[in-house]
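A short worksheet on the structure shown next.
All of the numbers you see were taken from the coordinates with simple rules; none came from a lab. This is a predicted model, so every value here is computed, not measured. Virtual Cβ from ideal backbone geometry, glycine too; neighbours counted across all protein chains shown.
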Amino acid sequence: MGKDKYENEELIKYGLPIDIWFHVDNLSSAHVYLRLAEGYTIDTIPEETLNECLQLVKENSIEGCKKDKVSIVYTPWENLLKKSSMEIGQVGFKSDKAVITVHNISKVKDVLKRIEKTMEVKTIDLEAEKEAFMKELSNKRKKLYEDMVIILLYN
């Protein structure tokens with residue numbers, strides 16, 4: 001989660017293809033990212049995890065946290081569109097069809113308390129993390145290709 005628009009900008013720049021981006025719709029808010037574990041998709045996010053992300057976004061919106069209910073959007077990181085003409089931390093979408101909107105999100109204190117108790121604050125080198133992820137992905141693809149070639153040669 002970005003603490004301010006500058007951290008949000010770094011998260012936009014160094015997001016991973018397995019990240020899901022959350023934001024309060026039409027209000028300023030933190031950018032919350034959910035990194036999907038292997039085997040999960042945007043459609044199979046566990047309900048408890050989804051609710052935690054929604055609560056984090058609402059609670060970390062200056063305007064949104066004061067409202068009884070807000071709408072929250074989420075989409076794969078790869079669907080984010082960043083143009084040079086946009087302000088720091090601002091994004092658009094490549095496809096509105098890939099954006100999911102959840103309406104009428106109200107504060108759930110129990111969820112926020114649970115998050116607060118287990119939360120860890122870390123400083124992460126986002127650029128190095130992305131480089132490592134992309135290298136691992138490349139290695140997996142090479143291995144898959146090599147395995148396919150071996151199967152084809154011996155069949």
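Listed cross-link partners Lys69/Lys97; Lys69/Lys122; Lys13/Lys107; Lys58/Lys117 are compared with a 27 Å cut-off, the Cα-Cα value being larger for Lys69/Lys122; Lys13/Lys107.
The slack in the chain from Lys69 to Lys13, taken as 0.36 nm per residue of separation less the alpha-carbon distance, amounts to 17.2 nm.
Shape analysis of the chain based on the Cα gyration tensor places the equivalent ellipsoid semi-axes at 32, 18, 16 Å, largest first. Ordering Ile45, Ile62, Ile72, Ile115 from the fewest to the most neighbouring beta carbons within 10 Å gives Ile62, Ile115, Ile45, Ile72. Taking segment 20-59 and a reference point 7 angstrom along Cα→Cβ of Lys97, the backbone N atoms nearer than 20 Å belong to 21, 41-44. Can you work out the FRET efficiency for the pair Thr49 and Lys82, with r the C-beta to C-beta distance and R0 = 22 Å, to the nearest 0.05? Working from the Cβ atoms, E equals 0.30.
Each semi-axis of the equivalent ellipsoid for segment 35-75 is √(5λ) with λ an eigenvalue of the Cα gyration tensor; in descending order they amount to 24, 9, 8 Å.
A straight chain from Asp110 to Ser28 at 0.36 nm per residue would run longer than the Cα-Cα distance by 27.1 nm. When the Debye formula is applied to the Cα atoms of segment 63-155, each taken as the same point scatterer, what base-10 log of I(q)/I(0) results at q = 0.14, 0.16 Å⁻¹? Here the Debye-derived log intensity ratios amount to -0.93, -1.07.
When the Gaussian network model of the chain links Cα atoms closer than 10 Å, the mean-square fluctuations of Asn139, Asn104, Asn51 top out at Asn139.
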